[in-house]
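Here the structure comes first, spelled out in structure tokens, and everything after it is commentary.
The values are calculated or read from the model by the stated rules, or taken from the named source; none is laboratory data. Source: prediction; values computed, not measured. Note: ideal-geometry Cβ built from the backbone for every residue, glycine included; neighbour counts use all protein chains shown.
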Ligand SMILES: Nc1ncnc2c1ncn2[C@@H]1O[C@H](COP(=O)(O)OP(=O)(O)OP(=O)(O)O)[C@@H](O)[C@H]1O
């Protein structure tokens, strides 16, 4: 990959190995945030496009896409370009890339394309070219960046309720670009991070330094963009090209004049990084360039706001006596401008109107008249005035004479620009060899701007300097974006994750603060790794090389099934890429499928993450998952507390969210129902839901109680699993015992493949698992007969819900589609329609089977040979 920022003359070359999901490529592209992506035409032949092409076009729908011929991807040309264009200070890049053929080929195609599109070439030895693998920085994939709202708010892309919004107090475009790219690619090198933190600390302790630096930095223009324009040589000399070169030379002078004030502001700083930046400003070349510029450009030529001001600056930029012809042309120009002013004041006298001379870049000089007389209409104005327009109570117009004078004015201006341009080009050619020091300057300015911005953010809230250790420990940390949004400070919480306890499972009712907490940790981690202070009383981090999140966003409009597929893709990506240096945040996994499978998937994922020592935070509503702590020592259960208060007006219990995190798993029951009740769900539905839930819970308890054999098996299995675990953990255990226990476990798993897969406690937790067993079909032959869907629907509805028998026939009556949906039901109950009460008689027969089913159930476990074992 090769990329060029058209606003800053630097080329980044990358080459790295990626897997077939192309996650790294996509992430890298997201960081670069391209305006246009160029690919070889062979990668996107219609009907035969590559996977990479498909992925890129899907992920960057609003980005222009261009194909160029394959022949332009030429590594030899790429190397030539780099040799020719790279500035001396960065020429070591040649060593890095000379055998990296892919990025060289990409560089060749890119530069050729830029030349073609911009109609200009880069001046020799003018570009900063560097190689950037995918190392050195922490990896945050693009969907995590979106989930965490690093740069864009998911609800409203226009508001700045993002991490970038929290930290961005930068004053220059370069500073804000730098902050943006740092947030997406935080550092991983502790030494560099600490150097930045030292600077922030010094800025916070030394007010004079802070304000002094801030005032200088805010006067800088976009140095990178300036450089970019300066190093491009237009292929044709147009007036626009000439004008922009002159403007840029004035900007360059303005920028260089800020070097000394910046040095003064940094004079007394003490931290190594600030001292290094101060040192970089000592570069003699700044003074040299400025001196050279001053021999040609007037001392008072400077950047000014307003187009007429800038036009005057450009016109008189070059000192007098440098070119005789230029001086003459300028005199002519001044005369014309004076003539225009004189003509307009004559007109004002002639008609007795308050006329003023105005200027705009589109119209040139024109006449403006502000009148309090609302009644004055445009046709009352003298006929000499043409092209009249009115905005509020101000008329703008011109006259035939004025148009002619404007043309003369433009003519002489073109001459002036042309001559000035010649002089400027000569000057630029003399200073090109020194201009590379500006790369350093733009680097210094953008970095200082970002560090000032960090310090600024700290002054607005009580952030703390983070430490870097092997532990993730945050004392009383809070969510920085929530703080920005809400009137009150968010509730703070602690976090403690170490290698010995690397997975935290978080439970709690809906809306209790789980997702917020997860995001808060990731945001703090990112802030720390870019060198910012963090919102906490104390914070220590383990450097994360990757940050992964799986958080479902609220505005997900996809269907349930694709939500599930999205979940699975995201989790697969995490499992493939996570290692012991990752921070992983999973917010509710397995929501898009049924509970059993959801738990199964969550459990298996958790076990995997437990084994790789990644720092993982996992929120869930599956309380069964919390029992994993019985098997693994490195998992910790935490929950969000809520309080119950009496709502006297509605005479109901209301939940009071404390947003406080505590040890253990939540003891709240049926909180989903409570949340549903508090929402606008119709009360009758909530009532029904509550009843069904009670029935299911009762059934589960009954099944658990009704089988002593099952209990016995549960205990045996549990014991066996623990022994296997113990055998695994202890080197001293004889192999024999381990083999015996493993066999025992294997045998058990064969008998209960699904149940055991999901959880060692499966039997206790999922009496319904037995439903899926092959025996179920034997036990419910009639159910299967009635409807193809009966196997799924019956046990859940009819079995658990005694009122179903009453409701079912009614449903058929109410819905004409019922007959279509349950054709068999209509056959089996032909009398339904005619004779309603009889249906009720028939129906209970179905229910008759159920009590027997319940009896059959426990027999599942009651298998003699298994008991033997
Ligand atoms: N620490 C906190 N301090 C103050 N308010 C908070 C805090 N945490 C969360 N909130 C508020 O509570 C709301 C709900 O929080 P959040 O979405 O994190 O809940 P949740 O437990 O993940 O809910 P669900 O289980 O339904 O996804 C947030 O929008 C936020 O306004």
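Here are the numbers for this structure:
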{"quantity": "Answer residue from region 362-380, given it is modelled with pLDDT under 80 and part of a loop (DSSP other than H, G, I, E, B) and is nearest to residue 316 (Cα to Cα) among those", "calculated": "371"}
{"quantity": "The one condition in (1) more than 15 Å from residue 111 (Cα to Cα); (2) in contact with a strand residue (DSSP E or B) (Cβ under 6 Å, 6 or more places away or on another chain) that residue 17 fails to fulfil", "calculated": "(2)"}
{"quantity": "Only one of 403, 386 that is assigned to a strand (DSSP E or B) and either at pLDDT 85 or above or touching a helix residue (DSSP H, G or I) at 6+ places or on another chain (Cβ under 9 Å) (or both)", "calculated": "386"}
{"quantity": "Residue 353 being assigned to a helix (DSSP H, G or I) and either over 21 Å from residue 219 (Cβ atoms) or in contact with a helix residue (DSSP H, G or I) (Cβ under 7 Å, 6 or more places away or on another chain) (or both)", "calculated": "no"}
{"quantity": "Residue satisfying condition, being away from the ligand (no atom under 11 Å from the Cβ), over 19 Å from residue 146 (Cα atoms), at pLDDT 90 or above and not in a helix (DSSP H, G or I), within set 547, 543, 506", "calculated": "543"}
{"quantity": "Lone unmet requirement of (1) assigned to a helix (DSSP H, G or I); (2) surrounded by 21 or more Cβ atoms within 10 Å (Cβ to Cβ) for residue 220", "calculated": "(1)"}
{"quantity": "Residue list for region 600-620, filter: in contact (Cβ under 8 Å) with a residue 60 or more places away in the chain and either more than 16 Å from the ligand (Cβ to nearest atom) or not assigned by TED's automatic domain parsing to the domain that holds residue 545 (or both)", "calculated": "600, 603, 604, 606, 609, 610, 613, 614, 615, 616"}
{"quantity": "Residue satisfying all of: in region 657-674; at negative phi and modelled with pLDDT of 80 or more; nearest to the ligand (Cβ to nearest atom) among these", "calculated": "657"}
{"quantity": "Unique match (being modelled with pLDDT under 90 and more than 12 Å from the ligand (Cβ to nearest atom)) among 488, 499, 467", "calculated": "499"}
{"quantity": "Test for residue 482: is it without any contact (Cβ under 8 Å) to a residue 12 or more places away in the chain and either away from the ligand (no atom under 16 Å from the Cβ) or surrounded by fewer than 23 Cβ atoms within 10 Å (Cβ to Cβ) (or both)", "calculated": "no"}
{"quantity": "Any chance residue 428 is part of a helix (DSSP H, G or I) and either over 24 Å from the mean Cα position of the chain (by Cα) or modelled with pLDDT under 90 (or both)", "calculated": "yes"}
{"quantity": "Answer from 184, 209, 213, 167 - the residue that is under 21 Å from residue 444 (Cα atoms) and at pLDDT below 90", "calculated": "184"}
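Residue by residue, here is whether (1) modelled with pLDDT under 85; (2) touching a strand residue (DSSP E or B) at 6+ places or on another chain (Cβ under 6 Å) holds:
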position: 65; (1), (2): no, yes
position: 74; (1), (2): no, no
position: 78; (1), (2): no, no
position: 109; (1), (2): no, yes
position: 115; (1), (2): no, yes
position: 131; (1), (2): yes, yes
